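The values are calculated or read from the model by the stated rules, or taken from the named source; none is laboratory data. What you are looking at is a predicted structure, and each value in this text was computed from that prediction instead of being measured. Neighbour counts are summed over all protein chains in view; Cβ atoms, including those assigned to glycine, are modelled from backbone coordinates with ideal geometry. Ligands, DNA and RNA are excluded from the accessible area calculation, which covers all protein heavy atoms including side chains. Shrake-Rupley method; radii C 1.70, N 1.55, O 1.52, S 1.80 Å.
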Amino acid sequence: MTSLESIARERAEASGGQLLVLGIEDRQALVTLEQEIFPEDPWTTGMIAQELSSGRSVYFGVCVNDDAVAPPVLYGYAGIALGIDADVMTMGVLPDFRGRGLGRVLMDALIDVARRWGSERVFLEVRESNAAAISLYENSGFEVVGRTKGYFRNPREDALNMRLIVR
Ligand SMILES: CC(C)(COP(=O)(O)OP(=O)(O)OC[C@H]1O[C@@H](n2cnc3c(N)ncnc32)[C@H](O)[C@@H]1OP(=O)(O)O)[C@@H](O)C(=O)NCCC(=O)NCCS
């Protein structure tokens, strides 16, 4: 097990079963989530498979499992690519389960992993119209450090570039 994997697994275990570390075997579940969360511009199966098998990224799913036998149901997920500068790759929660703290659980886990991995900064891009996500990120300590014109497509929109200093 690489140390990045162990950091991720320890963080998931500390969540008391709310977080799962996702791997390539979860790609079909993520395809389904992507299509529900980002219907205008979902990642393709190939992009998801590539991300899930990247050795420098960690993907968490957030789940609820009321039944000890049935597999947990994923309500959202988030991923981060680690480095001195870490990049939040994606984050989303199913529409019916928003506003219940799941986005916060995911973001706290990404930041913890970046800090433990030794990242110095975490960056992300967000649509400038995405008030819910911007609020979550600002409450997590991110600040706007720039803007990338036309970064997003479907529909085309500028990105706010946000940064969190973690050490
Ligand atoms: C952004 C997103 C992940 C937040 O997930 P969530 O589970 O609803 O978030 P939480 O319930 O944990 O809320 C966390 C914070 O987000 C902010 N927030 C959430 N919903 C909000 C809303 N409708 N309006 C304003 N702020 C909101 C608040 O700052 C909240 O802080 P609080 O806990 O102090 O109230 C979710 O809205 C989503 O999946 N959106 C669609 C996909 C997306 O835009 N992803 C981000 C791409 S950059």
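To keep it simple, each residue is scored yes or no on (1) part of a loop (DSSP other than H, G, I, E, B); (2) open to solvent by 60 Å² or more (accessible area, probe 1.4 Å).
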residue	(1), (2)
12	no, no
17	yes, no
25	no, yes
31	no, no
36	no, yes
39	yes, yes
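Of the residues that sit in the range 60-78 and are of a type outside the set (A, V, I, L, M) and within 20 Å of residue 39 (Cα to Cα), which one is surrounded by the most Cβ atoms within 10 Å (Cβ to Cβ)?
Looking at the filtered set, the residue picked out is 77.
Mind listing whichever residues of the range 123-153 are away from the ligand (no atom under 13 Å from the Cβ) and either in contact (Cβ under 8 Å) with a residue 60 or more places away in the chain or within 16 Å of the chain's Cα centre (by Cα) (or both)?
The one that is away from the ligand (no atom under 13 Å from the Cβ) and either in contact (Cβ under 8 Å) with a residue 60 or more places away in the chain or within 16 Å of the chain's Cα centre (by Cα) (or both): 153.
Quick one: which of 137, 75, 59 is in a strand (DSSP E or B) and more than 18 Å from residue 7 (Cβ to Cβ)?
75
Could you list, in sequence order, all residues of the range 83-111 that are within 12 Å of the chain's Cα centre (by Cα) and not in a strand (DSSP E or B)?
Those that are within 12 Å of the chain's Cα centre (by Cα) and not in a strand (DSSP E or B): 102, 103, 104, 105, 106, 107, 108, 109, 110, 111.
For (1) closer than 19 Å to residue 122 by Cα; (2) out of contact with any strand residue (DSSP E or B) (no Cβ under 7 Å at 6 or more places or on another chain); (3) open to solvent by 60 Å² or more (accessible area, probe 1.4 Å); (4) among the hydroxyl-bearing types (Ser, Thr, Tyr), each residue gets a yes or a no:
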position: 46; (1), (2), (3), (4): no, yes, no, no
position: 56; (1), (2), (3), (4): yes, no, yes, no
position: 80; (1), (2), (3), (4): yes, no, no, no
position: 95; (1), (2), (3), (4): no, yes, yes, no
